[in-house]
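Student: What follows is a structure written as structure tokens; I'll ask about it next.
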Amino acid sequence: MTADLPSVYGGDVLHVDLDAGEHRIESLDSKTARRFLGGNGLAAKLVRDHVPTDADPFDPENVAVFAVGPMTATPFQSTSRGVVGFVSPMTDGFFDSTFGGTFPAAQKSTGFDAIVLHGEADETVYVRVDEDGASLEPAGELSGKGTYDTCAEIREREGQGYDTHVVAAGPAGENRVRYACLLHDSERREGVAGRGGSGAVLGSKNVKAVAVREGDFQAEPENEGELRDLATGRMGELMQETEMLQTHGTAGLVNPVNEMGKLGRRNLQSEQSGEAEAEAVSGERIKEEFVVEDTTCTACPVACGKHVTVESEGITEGKIPEFESLYATSTMQEVFDVKRVMKANDLCDRLGMDTISFGVTVAFARECYERGLVPDEASPHLEFGDADGLVDLAEQIAHREDFGDDLAEGSFRLAADVGDGADELLYGVKGLEIAAHSARGLKGMSIGYATATRGGSHHDTRPTLQYQGEHDETTEGTPEFAARSQHFTALGDSLTQCRFVSEGGWGKYVNDRYRDAINAATDWDLTTEEVEEIGERVYNLERLINVERGVASAETDTLPHRVQHEAIPDGPAEGMYCPPEELDEMLERYYEFRGWDAAGEPTSETLDRLELA
């Protein structure tokens, strides 16, 4: 470890050469740590350092970076979050996907702040990591196995019980379904790196899983007593603000967002379901009838995870569907059979697929079928309301069978194949399907999605304040809000801290509390402005990667046709949309605030100021 690096860092980056089956260890320097912190910021730097700008996401030159942050495994609440950074098969740009559970804290204990997978293995392997480095273990017999089974079999093989922590791809990743995800299963709760196609990237590298054995490194905050006092002081507000999550998980958002008339239905043909329909798939109903226990990530008091048992579907202690998943696999499908919805979600988890892109892609295909753009013989499962078909499609997509092979490419590539104006039915940005938070009904999400590094992700600009009435139905100050929210999320993912805990206990913008916590952990002397600048630097680095790859510009900072040209037809948010002239005006102000030129590129002055030149 570098001598002047704070002791909350392990201080090493592990590079694994899959082609040669070798590894090397690189020291993390203090300047990089202070500029990018870790997690998301470190992953973005490593992707830019190692991936050629013309590399395809499935080329061996792409990397998969597993990164943790300086606050991981410290008294700072809920920091057992890991980041997977890579070039996305969905967007062809930089992507970072976060996940919880026990894996991130275990990785931190090895002393490796990042694990970087390079190249492509000759055969199916899993990467075994301990504090001495990495080895490639044959995993041919795991081919075709689901994520849960893979995690369990590797833990058993390693013979270390729960001292070994595994994150795995399922059949979808092996078959390069573009939105294949990674799932980590532990005795406490699951963690899913859901969006962007991380599972497909590992599949292209013939890597079935990454298994980490706990090491002896312990993060030691420079001023641990001060950090602990700061964390204790936020506990009361944190628990009060996250009460809904503690009770229902994120599924508790279904009813309130539906009541606002801002929850997509039938591929966004409308944005409100009937009261009884929403109640049928709500967090309240799931909690009452199916939840059997609460689950939590390492050292998190919130316990927003839940296990459900649905005997008729063969689900025993499965993962509760998140709010985003219920939107994508229920309201967007016009499917309100909650048991079948949970079965579809459980299959996605086991097969290793992002439930959001899966659901929104199927909903898009269903509207294409409804309009006669997809022939009857393409698939028997494309009618809105077909719950059994939704379940069957999950299997077909993961194994690329029949029409599932087309759906496995995602909605944008499917639209290009279908033609005949199908692109006007898309609900996504930059190749990624949009999450549950309405791009028409929330103005902050309109500009936020349009400028998001990840595309249709709700983890760049956040919806939370908008649901409380800020920047929800006005464009005044909204571009600046979107940019500052992006600084906040980039900072949080670099620390790393769970978004729910950040917003519930520490603040929804970068503020003095984050400054004090970082300084207590590192003994640095950062100002609040410098802390926000770290988030700004990370976000600009992500943008720079995407500009260099040709996937980020004023032309790509746009919104779906339906969002710009079709108002919400009914309900409390009737009439809301984001017309092109409104978006153009917000983009102009956003670029000016960011220090980007009219083409949407960071200026040389901005890159100099942020030390990114």
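Student: Residues Gly203, Gly196, Gly159, Gly191: which one is under 30 Å from Glu123 (Cα atoms), surrounded by 24 or more Cβ atoms within 10 Å (Cβ to Cβ), out of contact with any Phe, Trp or Tyr (no Cβ under 6 Å at 6 or more places or on another chain) and not assigned by TED's automatic domain parsing to the domain that holds His399?
Tutor: Only one candidate qualifies: Gly203.
Student: Tell me, which residue of segment 162-185 that is surrounded by 23 or more Cβ atoms within 10 Å (Cβ to Cβ) and assigned to a loop (DSSP other than H, G, I, E, B) is farthest from the chain's Cα centre (by Cα)?
Tutor: Among them, the one singled out is Asn175.
Student: Output the residues belonging to segment 27-68 that are under 22 Å from Cys498 (Cα atoms) and of a type in the set (Phe, Trp, Tyr).
Tutor: Phe36, Phe66
Student: If I ask for residues that are in a helix (DSSP H, G or I), closer than 20 Å to Val167 by Cβ and in contact with an Asp or Glu (Cβ under 7 Å, 6 or more places away or on another chain), which ones from segment 31-86 would you list?
Tutor: Gly39, Asn40, Leu42, Ala43, Ala44
Student: Related question: Taking segment 369-424 as the search range and keeping residues that are buried (at least 18 other Cβ atoms within 10 Å of the Cβ), assigned to a loop (DSSP other than H, G, I, E, B) and of a type in the set (A, V, I, L, M), which one is nearest to the chain's Cα centre (by Cα)?
Tutor: The extreme case among them is Ala408.
Student: Among the candidates Thr232, Thr298, Thr316, single out the residue that is over 30 Å from Glu424 (Cβ atoms) and part of a helix (DSSP H, G or I).
Tutor: Just one listed residue meets the conditions, Thr232.
Student: Need the failing condition index for Pro569 against (1) in contact (Cβ under 8 Å) with a residue 40 or more places away in the chain; (2) crowded, with 17+ Cβ neighbours inside 10 Å; (3) assigned to a loop (DSSP other than H, G, I, E, B); (4) not basic (Lys, Arg), just the number.
Tutor: Exception for Pro569: condition (2).
Student: Name the one entry in Trp596, Trp524 that is crowded, with 19+ Cβ neighbours inside 10 Å, more than 24 Å from the chain's Cα centre (by Cα) and of a type in the set (Phe, Trp, Tyr).
Tutor: Residue meeting the stated conditions: Trp596.
Student: Still on this model: Would you mention how many residues in segment 1-37 are over 30 Å from Val125 (Cβ atoms) and either within 27 Å of the chain's Cα centre (by Cα) or among the charged types (D, E, K, R) (or both)?
Tutor: 8
Student: For Asp19, are the conditions met, namely being touching a Gly at 6+ places or on another chain (Cβ under 6 Å), under 18 Å from Lys208 (Cα atoms) and in a loop (DSSP other than H, G, I, E, B)?
Tutor: Criteria met by Asp19.
Student: Mind listing just one residue for me: the one in segment 92-101 that is assigned to a loop (DSSP other than H, G, I, E, B) and out of contact with any Cys (no Cβ under 7 Å at 6 or more places or on another chain) and, of those, farthest from Phe500 (Cα to Cα)?
Tutor: Asp92
Student: Mind telling me which of the residues Gly93, Gly21, Gly38 ends up being of a type outside the set (A, V, I, L, M, F, W, C) and touching a Pro at 6+ places or on another chain (Cβ under 6 Å)?
Tutor: Checking each option against the conditions leaves just Gly38.
Student: Another question, then. Just to be sure, is Gly448 within 18 Å of the chain's Cα centre (by Cα), in a helix (DSSP H, G or I), buried (at least 22 other Cβ atoms within 10 Å of the Cβ) and at pLDDT 95 or above?
Tutor: yes
Student: Out of all the residues in segment 39-49, is one or more among the acidic types (Asp, Glu) and out of contact with any strand residue (DSSP E or B) (no Cβ under 9 Å at 6 or more places or on another chain)?
Tutor: So far as segment 39-49 goes, yes, one or more of its residues are among the acidic types (Asp, Glu) and out of contact with any strand residue (DSSP E or B) (no Cβ under 9 Å at 6 or more places or on another chain).
Student: Further question on the same structure: Do we have any residue at all in segment 341-351 that's in a loop (DSSP other than H, G, I, E, B), crowded, with 23+ Cβ neighbours inside 10 Å, acidic (Asp, Glu) and in contact (Cβ under 8 Å) with a residue 24 or more places away in the chain?
Tutor: no
Student: Next up: If we scan segment 251-263, do we find a residue that is assigned to a helix (DSSP H, G or I), under 19 Å from the mean Cα position of the chain (by Cα) and over 29 Å from Arg400 (Cα atoms)? Let's see the steps before the verdict.
Tutor: Going residue by residue through segment 251-263, those that are assigned to a helix (DSSP H, G or I) are 251-259.
Restricting the remaining residues to those that are under 19 Å from the mean Cα position of the chain (by Cα) gives 251, 253.
From what is left, the residues that are over 29 Å from Arg400 (Cα atoms) are 251, 253.
Checked segment 251-263: at least one residue is assigned to a helix (DSSP H, G or I), under 19 Å from the mean Cα position of the chain (by Cα) and over 29 Å from Arg400 (Cα atoms).
The values are calculated or read from the model by the stated rules, or taken from the named source; none is laboratory data. This is a predicted model, so every value here is computed, not measured. With ideal geometry, Cβ positions are generated from the backbone for all residues, glycine too; neighbour counts draw on all protein chains shown.
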